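Here the structure comes first, spelled out in structure tokens, and everything after it is commentary.
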Amino acid sequence: MTAPLYIITGAMAAGKSTIAKALVQRFEKSAHVGGDAFLRMIVRGGAVMGPVLDAEALAQLHLRQDIAMDAVRRFVGAGFTTIYQDILIGADFTRVTTALADLSPRIVVLNPDVATLAQRDRDRAKTGYGDHFPPDVLAGALNRDTERRGLWIDSSGLGVEAVVEEILAAW
């Protein structure tokens, strides 16, 4: 039996990092793979990630996902319960979950309402939304373009521990 793999996704400010950091603490042998880390490794020549991705941005996004999936496979193979957290929406959700299907991922989609996304973005140090990129863009794409697989959680009114408990209860 392989170690469990959890994939946590959602729009920016959905709470992916916060939930992943709390969930990973619940296991004796665990690893947290955050997709943003691989994007931050690009020092120069990084493409702008936004509501519309040009060919270079899409190539860099897929590079980030591919590196993350390689890391996930290494951690799972070494017996670590692995939490992979990234923005995976639409075709990217299908691409990554299909590529990792042999690991039987426990897919979690955090889907708070748009007002909650906007408030959480305002409350954190790094902000991603603005006039050029309002939260309803990603939230809309998530709900419109992402297949309904896994556990979808409207975390709008839930605290971190309540979300983690709901995830653990599902598996």
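Rule-based calculations on the coordinates, nothing more; no lab input. Because the structure is predicted, anything quoted here is derived from the model rather than measured. For neighbour counting, all protein chains shown are included, and Cβ atoms are generated from backbone atoms with ideal geometry for every residue, glycine included.
Taking the Cβ of W152 as the centre, find all other residues whose Cβ is under 15 Å away and add up their charges (Lys, Arg: +1; Asp, Glu: -1).
Details: positive: K16, R106, R144, R148, R149; negative: D113, D145, E147, D154, E166.
Summing Lys and Arg as +1 and Asp and Glu as -1 gives 0.
Around the amide H of A3, modelled in the peptide plane, lie the amide H atoms of G79, all under 5 Å away and 5 or more residues distant in sequence or on another chain.
Its Cα gyration tensor gives the range 5-170 an equivalent ellipsoid, and the semi-axes of that ellipsoid, as √(5λ) in whole Å with the largest first, are 23, 20, 15.
Neighbour counts of other C-beta atoms within 10 Å: give me I42, I87 arranged from fewest to most. Don't jump to the answer; show the numbers that get you there.
Working: I42 12, I87 21.
In increasing order of surrounding Cβ atoms, one gets I42, I87.
With only the Cα atoms considered, the range 17-92 has a convex hull volume of 101 Å³ per residue. If you build a Gaussian network model of the chain, linking Cα atoms that sit under 10 Å apart, which residue out of V72, V137, V114 swings the most? Taking springs between Cα atoms under 10 Å, the residue moving most is V137. Considering only alpha-carbon pairs that sit under 8 angstrom and 6 or more positions apart, the relative contact order computed for the chain is 36 percent.
Straight-line reach from K126: which lysines have a Cα under 23 Å away, not including same-chain ones fewer than 8 places off? Partners within reach: K16, K21.
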